[in-house]
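Working notes, structure below.
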Amino acid sequence: MQKITFLSFILLGLMSETQASIHRVNNSDNSAGYSTVQAAINDDLNVFDGDTLFVEGSAFPYPGFTLDKQLYIIGPGYFLGENPKTSNSGASTVIAGGAIFSSGAEGSVLMGVIFSDDLGSYEPMIQVDNISIVRCFLQEGLNIDSDCNNLAIIQCYFNDDLYRDLGSTSFQNVTLKNNIFSSAATINFGNDAGTPTVFGAVENNLFLASVAMTTSTFRNNIWLPLSSSNINIKSGTVENNLIFNGNLGLESGNMGFSSSNDVFGDQTGRSFDEKWALDSASTYKNSGKDGTDPGVFGGSNPYVLSGVPPLPIIYEISTPGFGNQQDGLPVTIKIRSN
């Protein structure tokens, strides 16, 4: 495998240049190096810590995997037909199985994939420190399955709970930034004396269900309960949040609202994630900390529609369909980058 230089994304917008190998995973294209993620992980002769697996979009789901190496695992994003200029093929990477981050996986990044519940209950299971889950569609949520620290969850769409299987599981410094938590996705972490569950920076999220947590900071979030829900935040820094009916009080830049139309405007015809952008005429524009917008499209890590990765994306290819030996075949390619 040829060694190439690539910009690896380190969370919170930091970028650093490194040397590593990139491997293709595709379950419907024999030219790819691997047909499953697990086959690539298991190849100790060619796949090493720090390498990248591009898990390409496919009409067929991929089985789950257990990760025991430090890898970057990247898919093309989710619901690519919902938003423009996201993909030429429209095929997403669906993991129809669990993803277990076990010993050896510390420092890994998972990005741009869907965890489907069509064939069962599947979600990432975090068992080690320093894992980053970025721009994923988590249909069955995410399970903090063992004591861990420094888990970063950024720009994801949750359709089920962020939870822990065992009441004895503890964690510290879990970062939540620019995530959408649907009306089916609750966060409910009490703190027993022997099992502390402490979040770090919780910023620029949208919560549509119940939220209970202890965190260092709770800033620039929007809480809009779409059903019977409650909010219980224990933090020394609670500021510039936009909370339905002002349930967190109106100190430190916190604001209340009574109608979602005042915040998001008319959502008719907007995609499933774009509809949560603040209306351009909203009085709450630029009301977050340091003049940013509250909610997922504000802050230093704005939510990216459909979770497309920060890589060049070919979203349109056109050709007249004929050419000649002298001039070749003219091809027009349109590319965007996030």
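The values are calculated or read from the model by the stated rules, or taken from the named source; none is laboratory data. The structure displayed is predicted, hence computed values, not measured ones. Glycine gets a Cβ as well: all are built from the backbone with ideal geometry, and neighbour counts include every protein chain shown. Protein only, heavy atoms only, side chains kept; ligands, DNA and RNA dropped before computing areas. Shrake-Rupley method; radii C 1.70, N 1.55, O 1.52, S 1.80 Å.
The table below gives the values:
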{"quantity": "Test result for Ala91, within 14 Å of Val55 (Cβ to Cβ), in a loop (DSSP other than H, G, I, E, B) and of a type in the set (A, V, I, L, M, F, W, C)", "calculated": "yes"}
{"quantity": "Residue count, the stretch 22-39 (criterion: outside any loop (DSSP other than H, G, I, E, B) and under 13 Å from Ile74 (Cα atoms))", "calculated": "5"}
{"quantity": "Selection count, the stretch 168-183, where residues are of a type in the set (Gly, Ala, Ser) and open to solvent by 50 Å² or more (accessible area, probe 1.4 Å)", "calculated": "2"}
{"quantity": "Filtered residues of the stretch 247-278 (kept if under 13 Å from Ile222 (Cβ atoms), of a type outside the set (S, T, N, Q) and open to solvent by less than 50 Å² (accessible area, probe 1.4 Å))", "calculated": "Leu248, Met255, Gly256, Phe257, Val263, Phe264, Trp276, Ala277, Leu278"}
{"quantity": "Extreme residue, modelled with the highest pLDDT, among residues of the stretch 286-313 that are open to solvent by 70 Å² or more (accessible area, probe 1.4 Å) and at negative phi", "calculated": "Lys289"}
{"quantity": "Sole residue being closer than 30 Å to Arg270 by Cβ, open to solvent by 10 Å² or more (accessible area, probe 1.4 Å) and among the small types (Gly, Ala, Ser), chosen from Gly57, Gly107", "calculated": "Gly57"}
{"quantity": "Subset of the stretch 117-175 that is among the aromatic types (Phe, Trp, Tyr) and at pLDDT below 95 - its residue that is farthest from Val304 (Cα to Cα)", "calculated": "Phe171"}
{"quantity": "Single unsatisfied condition, Met213 versus (1) open to solvent by less than 30 Å² (accessible area, probe 1.4 Å); (2) within 22 Å of Asp273 (Cβ to Cβ)", "calculated": "(2)"}
{"quantity": "Output for the stretch 33-47, where each listed residue is under 10 Å from Lys69 (Cα atoms) and over 24 Å from the mean Cα position of the chain (by Cα)", "calculated": "Asn42, Asp44, Val47"}
{"quantity": "Any chance Ala201 is within 21 Å of the chain's Cα centre (by Cα) and open to solvent by 10 Å² or more (accessible area, probe 1.4 Å)", "calculated": "yes"}
{"quantity": "Answer residue from the stretch 62-84, given it is among the charged types (D, E, K, R) and touching an Asp or Glu at 6+ places or on another chain (Cβ under 8 Å) and is modelled with the lowest pLDDT among those", "calculated": "Glu82"}
